[in-house]
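**Student:** A single structure is presented below for examination.
Every number in this text was worked out from the coordinates using simple rules, so none of it is lab data. Everything numeric in this text was worked out from a predicted model, so none of it was measured. All Cβ positions, glycine included, derive from the backbone under ideal geometry; neighbour counts span all protein chains shown.
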Amino acid sequence: MFIQTEDTPNPQSMKFLPGQTILGVGALGMDFPNAETAKASPLAAALFEVDGVAGVFLGADFVTVTKYESVDWRHVKPSVLGAIADFLTAALPILAEGATTTRKPATSLEDYEDEDREIVEQIIELIDTRVRPAVAADGGDIVFQHYEPRTGVVFLSLHGSCSGCPSSTQTLKAGIENMLKHYVPEVVRVEAVA
């Protein structure tokens, strides 16, 4: 099995493209920031067995692995490639039984009324159609969490290579914040949440 790798803007994260479906088109990515959270995915659990792996993110057709800063990719990458290849060749299920790729935002559309609801719908649409595909190309994901109508602040959570990325602040402020402010004048600021 040939697995392509791509560097990401985050020097601690690398994107692995096995040339086959991981979670599938349209599925939300799944973030596993530590081994304890990997119970929902046997693939993620297998990757945490590799010495030096600090985080795993599963996307539609890719896996992003984040290593500890003290570890060199030369020592981690071959083992990660082997773990992914072995897992996929064995045709094991990516997700544990009952696991879902659904992520719930801090608030739902039902929490907003009238004009605020329309604003949130616009924000979510822009993030889903313009931001998430671009961020997925870099091995990460950004998901809407909450909008505060009173202050105009949008809260987003960062996953995969975006989490802990040195350029994530620049992406949020210069990219996403400017775009949202352009299309949705009620937006004043964008903030990242854990």
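**Student:** For the chain, find the longest principal axis of its Cα atoms and tell me its angle to the long axis of helix 73-89, 0 to 90°, nearest 10.
**Tutor:** Once rounded, the angle reads 90 degrees.
**Student:** Using a ≥ b ≥ c from the Cα gyration tensor of segment 4-89 (square roots of the eigenvalues), is it rounded, prolate or oblate, where a/c under 1.5 gives rounded and otherwise the larger of a/b and b/c decides, a/b for prolate?
**Tutor:** Values: a/c = 1.41, a/b = 1.28, b/c = 1.10.
Since a/c stays below 1.5, the shape of segment 4-89 is classed as rounded.
**Student:** So what is the relative contact order of the chain, in percent, for Cα pairs below 8 Å that sit 6 or more residues apart?
**Tutor:** On the way: 346 pairs, mean separation 41.9, N = 194.
Dividing the mean separation by the residue count of the chain yields 22 percent.
**Student:** Determine the shape class of segment 50-141: with a ≥ b ≥ c the square roots of the Cα gyration tensor eigenvalues, call it rounded for a/c under 1.5, and otherwise prolate if a/b is greater than b/c, oblate otherwise.
**Tutor:** Details: a/c = 2.88, a/b = 2.09, b/c = 1.38.
The shape class here is prolate.
**Student:** Specify the angular offset, from 0 to 90 degrees and rounded to the nearest 10, of the alpha carbon long axis of helix 114-126 from the longest principal axis of the alpha carbons in the chain.
**Tutor:** Relative to the chain, helix 114-126 is tipped by roughly 30 degrees.
**Student:** Separate question: Which order do the peptides 152-161, 115-124 come out in when sorted by mean C-beta neighbours inside 10 angstrom, highest first?
**Tutor:** Values: 152-161: 22.4, 115-124: 16.1.
With the highest mean Cβ count within 10 Å placed first, the list reads 152-161, 115-124.
**Student:** Choose one answer from TYR147, TYR183, TYR68: the residue with the largest mean-square fluctuation in a GNM of the chain with alpha-carbon springs under 10 Å.
**Tutor:** Of the options given, TYR183 has the highest mean-square fluctuation.
**Student:** Once amide H atoms are placed 1.01 Å from N in the peptide plane, what residues at a sequence separation of 5 or more from PHE62, or on another chain, have their amide H within under 5 Å of its amide H?
**Tutor:** Answer set, sorted by chain and number: ILE22, LEU23.
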